[in-house]
1. Counting residues that are over 22 Å from A:Val138 (Cβ atoms), which strands (runs of 3 or more DSSP E) fully inside the stretch B:30-130 reach at least 2?
2. Could you say whether any residue in the stretch B:18-29 is closer than 23 Å to B:Asp120 by Cα and in contact with a Gly (Cβ under 9 Å, 6 or more places away or on another chain)?
3. Considering (1) more than 8 Å from chain B (Cβ to nearest Cβ); (2) of a type outside the set (D, E, K, R); (3) surrounded by fewer than 16 Cβ atoms within 10 Å (Cβ to Cβ), say which one A:Ala29 fails and leave the rest.
4. Can you name every residue in the stretch B:7-65 that is small (Gly, Ala, Ser), in contact with a Phe, Trp or Tyr (Cβ under 7 Å, 6 or more places away or on another chain) and more than 8 Å from chain A (Cβ to nearest Cβ)?
5. Taking into account only those residues within the stretch A:38-55 that are of a type outside the set (Gly, Ala, Ser) and either within 11 Å of another protein chain (Cβ to nearest Cβ) or within 12 Å of the chain's Cα centre (by Cα) (or both), which is nearest to B:Gly76 (Cα to Cα)?
6. Name the pairs whose Cβ atoms lie under 7 Å apart, with the first residue in the stretch A:83-102 and polar (S, T, N, Q), the second surrounded by 21 or more Cβ atoms within 10 Å (Cβ to Cβ), and 6 or more positions between them or separate chains?
Amino acid sequence: MPLNQSFVGRTYPPTPPYTVGREKIREFAAAIGASDPAYLSPEAARALGHPDVIAPPTFPVALTMAAGGQVIDDPLLGIDFTRVVHGEQRFHYARPVRAGDQLTCVCVVEEITSRAGNDFLTTRTDVSDVDGALVVTVWSKLVVRGTNETTKEGPDASR
Amino acid sequence: MLPGERLPARTYRVTRGDLVRYAGASGDFNPIHWSERAATAVGLPGVIAHGMYTMALAGRALVDWAGGADAVVDFGVRFTRPVAVPDDDTGVDVVVGGVVKPAVEEGCLRIDLTVTCGTDKVLGQARGVVREPRPAAGAGADAGAVR
């Protein structure tokens, strides 16, 4: 059952603001083994011209994965979550995420394709600050494996 | 960094404990990243690392090479093979290599990454765009991109 193509272009409501905390950034940096002072020390971050500590490049996924649930769990789209694997991921940054940011996510279904019995769903999440300025754009491509499992792509299965 | 330059590879050791820690920090509690039973039930060889954890390790290399945590402008990967993480004290090594390419954006460089675990290429089409290194401290304005 291929995914409903009419969902392409659908935009979901903005998520409530997520306040980025210094200690959350510290926790994330420690979890990936990153020790750059700009993640940990407000002084080091200020020396680079930022008002507070900045987050590692993949930190936005801590927000966008939850926001993407709006799409993945949409009963009208009808994704079987047990067959979803993570195919691709991309971030484009207007600036680094930093402590004190209040970030809102808007998810858009950008593309739905089918190939060899598998569906491919690309979502774009625009992450903006409290002034509405874009901070980072995040693309996730999910593979919904067909019941006939011969896919070569996305065996990560992490989503 | 100049186009064509091969960047020094980075090796990151990954253990089960790292996955548990990453699950907590990222909020991704999918049990295939901590439960052998859950992983094998969906046909995986065993517990595998979060794809986003592997991408985060590649991001560490990118930041190291770029010489600044805020230098990354764009970063994208394709997840091609899982990183199976054994339940022992040794874990597995993820190796990240990079080659500098000319970038399309002014003042930026592209870095193509090769991310492997054993003989498996675990990320494909992995590339970052980074701002060119700032001038050394005291060398003037930090508007950057002076070459």
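Rule-based calculations on the coordinates, nothing more; no lab input. Remember, predicted model here, so these are calculated numbers, not experimental data. Using ideal geometry, Cβ is built from the backbone for each residue, glycine included, and neighbour counts are taken over all protein chains shown.
1. B:92-102, B:108-117
2. So far as the stretch B:18-29 goes, yes, one or more of its residues are closer than 23 Å to B:Asp120 by Cα and in contact with a Gly (Cβ under 9 Å, 6 or more places away or on another chain).
3. In the conditions (1) more than 8 Å from chain B (Cβ to nearest Cβ); (2) of a type outside the set (D, E, K, R); (3) surrounded by fewer than 16 Cβ atoms within 10 Å (Cβ to Cβ), A:Ala29 misses (3) alone.
4. Across the stretch B:7-65, the qualifying residue is only B:Ala23.
5. Among those that are of a type outside the set (Gly, Ala, Ser) and either within 11 Å of another protein chain (Cβ to nearest Cβ) or within 12 Å of the chain's Cα centre (by Cα) (or both), it is A:Ile54.
6. So the pair list comes out as A:Gln89/A:Ser140; A:Gln89/B:Met52; A:Gln89/B:Met55; A:Gln89/B:Val77.
Per-residue answers, yes or no, for (1) away from chain B (no Cβ under 14 Å); (2) under 14 Å from the mean Cα position of the chain (by Cα):
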| position | (1), (2) |
| --- | --- |
| A:Pro57 | no, yes |
| A:Gly78 | yes, no |
| A:Thr82 | no, no |
| A:Phe91 | no, yes |
| A:Ala99 | no, no |
| A:Gln102 | yes, no |
| A:Leu121 | yes, yes |
| A:Arg124 | no, yes |
